[in-house]
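No value in this document is a laboratory result; all are computed from the given coordinates. If you're wondering where the values come from, they're calculated on a predicted model, not measured in any experiment. Neighbour counts are summed over all protein chains in view; Cβ atoms, including those assigned to glycine, are modelled from backbone coordinates with ideal geometry.
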Amino acid sequence: MSLERIFLRLATVAALTNFYQDPYPTVAEGRVFDSKVVPNDDLFGSLKDEIKEFKPVCVVYTDYDKDLLNHHTVRPSDERIMTVTLELFCATLDQDEVDGEDAVSLVYPGTDSELEILLDVFEHQVFESLFLGTNSASEYVKFAVRALKNVVSRRGATFEGGQKLAARQVTLEIATGRLTPNRKLPIQLSKFLDELATLDQHAHQIPKLRALYERNGTELENKHGWLGYTDAVSKALGAEQFGTLTIPLINWIDAR
């Protein structure tokens, strides 16, 4: 049931990077990451540079998911609530020696007027990319987000002294759908996965994710699972080997 969580997170990253290709919709360009920042000279600049430029970065998480199971005990009025968290910040790479080996770390600057304006612009571009974009990733985001319940933008600061950093945390609390018993890929999701599969880093994942979404038995088996039926109950209701529904012949009696 967490598959929608995966798809929404991947779609958010793809929407904010235009599938990692020009034209990039935000000032972060290709520096948008799924769950973890991957240090890379191509994205942050050479470590040998004496003057390091602080560049916008975004990391996408899905931290919270409530009422995700599609089960007969879940009332239709109980919405599935999920959070998409976006950490927006400016950073550069630094290189230190730890135990005789080079270690790369991110360096975050304290904020100033120019960086605050940059982050405000960045945040504006994030919302536009997700909800006004026209590629298959943003189309799936708009399909998956049935309602925005809360949108909160928080400032980042250090734990030690509370120094204000050039960082924001944006949390989108959304209402989204659950897996349906028929387990068919929605058109918007199918189109997004087709395009995502053209990227080398995801080509091996997409067929597996599709199979996970669409498998788990026949439609009847899925419905019985949703209703909470055991194998014995399903067979008693006429599901032969928990798969094919058999309907006994009925002899209608003419009461005249």
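Identify the residues of the range 1-40 with backbone N under 15 Å of a label point that sits 7 angstrom from the Cα of Asp63 along the Cα-to-Cβ direction, or state none.
Hits in the range 1-40 for Asp63 at 15 Å: 35-36.
Could you pull out the pairs from Lys142/Lys191; Lys55/Lys142; Lys55/Lys164; Lys184/Lys208; Lys66/Lys149 whose alpha carbons sit more than 20 Å apart here?
On the way: Lys142/Lys191 13 Å; Lys55/Lys142 28 Å; Lys55/Lys164 17 Å; Lys184/Lys208 15 Å; Lys66/Lys149 13 Å.
Beyond 20 Å: Lys55/Lys142.
Scaled to the compact-protein estimate 2.2 N^0.38 Å, what is the alpha-carbon radius of gyration of the range 110-215, rounded to two decimal places?
Here the answer is 1.40, to two decimals.
Label points 7 Å out from Cα along the Cβ direction at Lys208 and Gln95: separation in nm?
If labels sit at Lys208 and Gln95, their model points lie 3.3 nm apart.
Rank by packing, highest mean first: peptides 123-134, 5-16, 54-65, with packing defined as the count of other Cβ atoms within 10 Å averaged across residues.
Highest mean packing first, the order is 5-16, 54-65, 123-134.
Using the beta-carbon distance between Asp34 and Leu185 and R0 = 22 Å, what value does 1/(1 + (r/R0)^6) give for FRET efficiency, to the nearest 0.05?
0.60
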